[in-house]
Amino acid sequence: MTPQQYVQDKAAKSGSSFYYAFLFLPPPRRAAITAFYAFCREVDDVVDEVSDPGVAATKLAWWRKEVAAAYGGTPTHPVMQALMPLAAEFGITAEHLQAVIEGCQTDLEQTRFLDYPGLQRYCHLVAGVVGEVAANIFGRREAATVQYAHRLGLAMQLTNIIRDVGDDARRGRIYLPVNELQQFGVKASELLQREAPWGYSDRFTALMQFQAARAHATYDEALALLPEADRQAQKPGLMMANIYRTLLREIEAQGFQVLHQRTSLTPLRKLWIAARTHLRGR
């Protein structure tokens, strides 16, 4: 298997909404975003799939060294071998990749966030930086597009957090800010134990409505920041935004039943949303 086949397989098997946006890119840009996404999946899987924190930390340390070696001219992992020939052309720096690793390191060391500013710092590493790299790969002329990309990355990460409350709780993690749990009278133990009827309550619903309203506002802020000159090039990002926002609306329509299940859209529906966005340009 070639490095290019490896990253394509990694992206396709993920089932991610990102993959459907990649399909509409010209080959060089598609190759770059696929390799970068495969890198993000590799380091994220270290945290999600390795049960021993010590082993996971060792693996992340290995990835830090691999990134440094790759930018020094000696990549060994197929993901880095696929990415490096494209990195300079699309402005993908070692600092970008190290920031993503730092965000995953945060997942190992921190299972709570005291307030929203703290959560935003984490989201910057795991989503804002990813948005910036993606915007560079898609193509941009305006500096303001970077701010749009960071804001859109934050909105999508907030959507992930809402969707994954139950999955994260099973891993002992709560990304909803502690002071907001307190504001709505929701105890961390209720989320972690997920007791029948799955910890749902009017308090929990109010908390999640607050989270969803903030995510929607962040999508609106992001879209308002996108310069018209870059709108055509950034259509893949708009596809991802529409897929994620549809997912958020689906979760809302289901009454935030996120503790005992993980809401998702079918592949066909994701592809339809991506195609519709491609044709409409928004």
Query raised in the report: Which residue, of L268, L259, L223, L238, is more than 28 Å from V146 (Cα to Cα) and not in a loop (DSSP other than H, G, I, E, B)?
Result: L268
Query raised in the report: Out of the stretch 241-256, which residues are free of Cβ contacts under 8 Å to residues at least 60 places away in the same chain and either among the acidic types (D, E) or assigned to a helix (DSSP H, G or I) (or both)?
Result: N242, T246, R249, E250, E252, A253
Report summary line: Per the filter on the stretch 12-53, residues more than 18 Å from G131 (Cβ to Cβ) and open to solvent by less than 20 Å² (accessible area, probe 1.4 Å) are V46, V47
Requested in this report: State yes or no: is K65 touching a helix residue (DSSP H, G or I) at 6+ places or on another chain (Cβ under 7 Å) and either open to solvent by 80 Å² or more (accessible area, probe 1.4 Å) or outside the structural domain of P26 (by the TED database) (or both)?
Outcome: no
**Report entry** Output for the stretch 78-104, where each listed residue is surrounded by 15 or more Cβ atoms within 10 Å (Cβ to Cβ), more than 15 Å from the chain's Cα centre (by Cα) and part of a helix (DSSP H, G or I)
**Finding:** P78, V79, M80, Q81, A82, L83, M84, L86, A87, Q98
**Report entry** Condition met for A155 (open to solvent by less than 50 Å² (accessible area, probe 1.4 Å), in contact (Cβ under 8 Å) with a residue 12 or more places away in the chain and either touching a Phe, Trp or Tyr at 6+ places or on another chain (Cβ under 6 Å) or within 23 Å of C40 (Cβ to Cβ) (or both))
**Finding:** yes
Report task. Check off (1) open to solvent by 60 Å² or more (accessible area, probe 1.4 Å); (2) among the basic types (K, R); (3) under 17 Å from Y116 (Cα atoms); (4) in a loop (DSSP other than H, G, I, E, B) for R141 and give me the number that stays unchecked. Result -> (3)
Query raised in the report: Would it be correct to say that G185 is modelled with pLDDT of 90 or more, assigned to a loop (DSSP other than H, G, I, E, B) and over 23 Å from R171 (Cβ atoms)?
Result: yes
**Report entry** Hey, A94 farther than 16 Å from I161 by Cα and touching a Ser or Thr at 6+ places or on another chain (Cβ under 8 Å) or not
**Finding:** no
**Report entry** Segments classed as helices (runs of 4 or more DSSP H), wholly inside the stretch 1-66, with at least 1 members that are within 23 Å of P267 (Cα to Cα) and more than 20 Å from the chain's Cα centre (by Cα)
**Finding:** 3-14, 27-49
Report task. For the stretch 253-282, enumerate the residues that are open to solvent by 80 Å² or more (accessible area, probe 1.4 Å) and hydrophobic (A, V, I, L, M, F, W, C). Result -> A253, L268, W272, L279
Query - Condition check for D220: open to solvent by 60 Å² or more (accessible area, probe 1.4 Å) and either touching a helix residue (DSSP H, G or I) at 6+ places or on another chain (Cβ under 9 Å) or touching a residue at least 12 places away in the same chain (Cβ under 8 Å) (or both) - result: yes
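The values are calculated or read from the model by the stated rules, or taken from the named source; none is laboratory data. Everything quoted here is computed from the prediction, not taken from an experiment. So basically every Cβ, Gly included, is an ideal-geometry build from the backbone, and we count neighbours across all protein chains shown. With ligands, DNA and RNA removed, areas are computed over all heavy atoms of the protein, side chains included. Shrake-Rupley method; radii C 1.70, N 1.55, O 1.52, S 1.80 Å.
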